[in-house]
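Before any comments, here is the structure.
The values are calculated or read from the model by the stated rules, or taken from the named source; none is laboratory data. These numbers come from a predicted model, not from an experiment. Because the Cβ atoms are built from the backbone with ideal geometry, glycine has one as well, and the counts that use them run over all protein chains shown. Ligands, DNA and RNA are stripped out before the accessible areas are found, and what is left, the full protein with its side chains, is counted by its heavy atoms. Shrake-Rupley method; radii C 1.70, N 1.55, O 1.52, S 1.80 Å.
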Amino acid sequence: MCGIVGAVSERDVQGILLEGLRRLEYRGYDSAGMAVINGESSLRRAREVGKVAALADAISANPLSGHLGIAHTRWATHGEPSQLNAHPHMSGERLAIVHNGIIENYQELRDELKTEGYVFTSQTDTEVVAHLIGKNYQQEGNLYNAVKTSITRLRGAFALAVVHADEPDHLVVCREGSPLVVGVGIGENFIASDQLALLPVTDRFMFLEEGDIADIRKDQIKIHDRDGQAVERTITRFEHGSDSADKGEYRHFMLKEIYEQPRVIKATMEGRITETRVLEQALGTSAANLLENVRHVQIIACGTSYHAGMVARYWIEDLAGVPCSVEVASEFRYRKHVIQPDTLFLCISQSGETADTLAALRQAKKAGFRAALAICNVPGSSLVRESDLVIMTQAGPEIGVASTKAFTTQLTALLIFTLALARHNGLSEQKEAEIVQAIHLLPGQVSDVLALDAEIEAMSKAFMDKNHSLFLGRGSQYPVAMEGALKLKEISYIHAEAYPAGELKHGPLALVDSEMPVVTVAPNNDLVEKLKSNLEEVRARGGELFVFADRAADVKPEEGIHVMQLPSVHEITAPIVYTVPLQLLSYHVAVLKGTDVDQPRNLAKSVTVE
Ligand code: G6P
């Protein structure tokens, strides 16, 4: 969603803010803006519709030099993408604010401020906050107090950064429900909605807690909690190389991230498994205790992470024999649910900031689940902080909006978790060893699939001029088909639908003709023979088939059946390996169609609003 950056420094902050915005652009990108204070003399602002590059052009024509500034990339919620709705918003000529999140009671506050004579130039909820702080500033005469008083009136989720030209040596920031991190520099300090924005200037970060308000100066950071107590927040170092946010030799982040999978899958398993066993303690000191009496697992997630949860359900029921339910967070949070005794609540999220997933977790904690486990990729995120047990995926920053390496590392972490749970439920040592050995083979097998890239690229040409497509899978490959369809629709804008292959005859077969390519994932499991019959049904209707099949599955290429042979893999780890060719297929179709692969239209990387 929206991204915010702020800086206070001896040096000119304009370049720091612009680079920060570029790095956040993947989150939301319909407009961008910046406000910079130059001494006490002036507060200057630039805002442009479109990508950060448009703002960069405007600023290079008309620089905004200064030592204190805030900046924003917007993904519209209240009001269309326009220059007037772009952040920063101002109250008068000297106060500016950027905001992430949603103010739910903005209409009521807007009406109130209007009757007091405040004039609104945008449709945003943010401008309401600007005027509210402006009004309180007049009474308090101090920015920190004005922000503190103002936020008591706000309902909803927000991270705010505020500056005032009368106080040119600091910014005031706060968070309630939206992420905010302080970047600690030497003689300069920064803030952002995501640490990624600040990696060129620091690798030391403090994560603000819910309700924190902070005064950020170049040589001092003061934080108070919700109760007004002065608090220290631990400084953590960013662990991944600071070039993670660069494309390097790759044309797109998505391709780079697809190719990173052997390495990050390995990183995710490292330290958690021996040659033959899962190290339960590596999942957390309380893991053994928490997993001992789990009788049911409730998985909650959104988007790609939801598909990871769907795969995990097959594993959990198969290997651990524990019943497992999976639901998208936005549905779960708004229905009455029956909680079975000793249910483990498992949230899966790349960002750890997805609003619906967090809301579901917060509800669950009140509802009395046994414990909350998070599978997450962002250290310090809200999800990580609010869960009892956390398994971090080690994917590193994922920039492409279409999730790739986050998904396969989620699956890796989920499989390791499943084995730990299964051990408490009678999984034999021999079976555990067999699967752990299969996990060790994953990086190599994924590399083998990446080596098929050129062939998959050639295959992608057949999709270029199509408007619809069908993805089929059975068993744990059904969610893989769903993920393949999601990738294709997200980045190539081709309508793609996934079906369990056995459902084909119950409807989708009516759509099959030569204009409807059918993609199928067919590892060599005990469903492969049934799947072959489904393929015949498609072929008999003139449908063109694209089959990713295990070498040993003996699916023969013939007229209208294109077969891509994949390495033989263990049935349990197959969903991880079979995801990769579908990622590459979507990527190449999107490149051929000339879409914006890393930032597809209308989508955001991190959905921090409902
Ligand atoms: C957005 C992203 C998806 C992601 C989903 C859930 O829709 O574009 O790639 O799968 O959010 O995000 P999360 O961070 O919770 O995994």
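Of the chymotrypsin sites (Phe, Trp or Tyr not before Pro) found in region 318-371, the ones in coil according to DSSP and having at most 13 other Cβ atoms within 10 Å of their Cβ are Tyr334. Note on region 3-237: semi-axes of the ellipsoid equivalent to its C-alpha gyration tensor, largest first and rounded to whole Å, are 23, 21, 17. Scoring 405-417, 430-442, 167-179 by mean Cβ neighbours within 10 Å over their residues and listing the highest first yields 405-417, 167-179, 430-442. Each part gets one Cα centre, and for region 540-562 versus region 120-170 those centres are 62 Å apart. Spatially, region 415-479 and region 490-520 are offset by 21 Å when compared through their Cα centroids.
Of the complete DSSP H runs in the chain, those spanning 24 angstrom or more by Cα along the long axis with a mean Kyte-Doolittle score not below 1.0 are 405-423, 574-593. Taking Lys and Arg as +1 and Asp and Glu as -1, the other residues whose beta-carbon sits under 13 Å from that of Met34 total +1.
Report summary: the helix-based calculation at 222 nm, which adds -39500 (n - 2.57) for every DSSP H run with n ≥ 4 and divides by the residues of the chain, gives -10500 deg cm²/dmol. Placing one identical point scatterer on every Cα of the chain and ignoring solvent, what is log10 I(q)/I(0) from the Debye formula at q = 0.07, 0.09, 0.12 Å⁻¹? Reported log10 I(q)/I(0), two decimals: -0.45, -0.73, -1.18. Per-peptide packing, taken as the mean over residues of other Cβ atoms within 10 Å, places 110-117, 254-261 in the sequence 254-261, 110-117 from highest down. Solvent-accessible area of Leu358, all protein chains in place: 10 Å² (probe radius 1.4 Å, heavy atoms, ligands and nucleic acids excluded). All C-alpha to C-alpha distances of region 447-600, sorted into 5 Å bins beginning at zero, yield P(r) values of 2, 10, 21, 25, 22, 13, 5, 1 percent in whole numbers.
For the pair region 327-358 and region 72-114, the centres of their Cα atoms are 30 angstrom apart. From most to least packed by mean Cβ count within 10 Å, the peptides 577-587, 372-382, 600-610 give 577-587, 372-382, 600-610.
Using a 1.4 Å probe on the protein heavy atoms, what percent of the accessible area of region 111-224 belongs to carbon and sulfur? C and S atoms contribute 45 percent here. The base-10 log of I(q)/I(0) for region 520-594, evaluated at q = 0.14, 0.21, 0.27 Å⁻¹, reads -0.47, -0.95, -1.25 [Debye formula, identical scatterers on Cα atoms, solvent excluded]. Orientation-averaged projection of region 112-216 equals 7.3 nm² [convex hull of Cα atoms, one quarter of hull surface area].
What the chain shows is 37 Å² of accessible area per residue, with the surface traced by a 1.4 Å probe over protein heavy atoms.
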